[in-house]
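The values are calculated or read from the model by the stated rules, or taken from the named source; none is laboratory data. Model, not experiment: these values are computed from the prediction. To get the accessible areas, we keep the full protein, side chains included, count just its heavy atoms, and leave off ligands, DNA and RNA. Shrake-Rupley method; radii C 1.70, N 1.55, O 1.52, S 1.80 Å.
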Amino acid sequence: MSDDKRAAFDKIDTDRDGYITADEFKASLQTSSGKVSDDNAKMIVRMADENGDKKIDYDEYAKFVR
């Protein structure tokens, strides 16, 4: 596991449940990239979400950001 990837994942996973939701992703992008729409945040989660549970676990995140 890459320490940098884990740290980035943990920073986005603000409720510390082990998953990144569209709302968490949106909040993290808002602070670094300006305004992000709900639809764009949901689209990013759909792209990374391999099992269709509408959230990103660490393994999905690590594959997505490689």
Most to least accessible of Thr21, Thr14 (protein chains only, probe 1.4 Å): Thr14, Thr21
Taking Cα pairs closer than 8 Å and at least 6 residues apart, the relative contact order of the chain in percent is 30 percent
Among Lys54, Lys26, Lys35: highest mean-square fluctuation, GNM of the chain, C-alpha pairs under 10 Å: Lys35
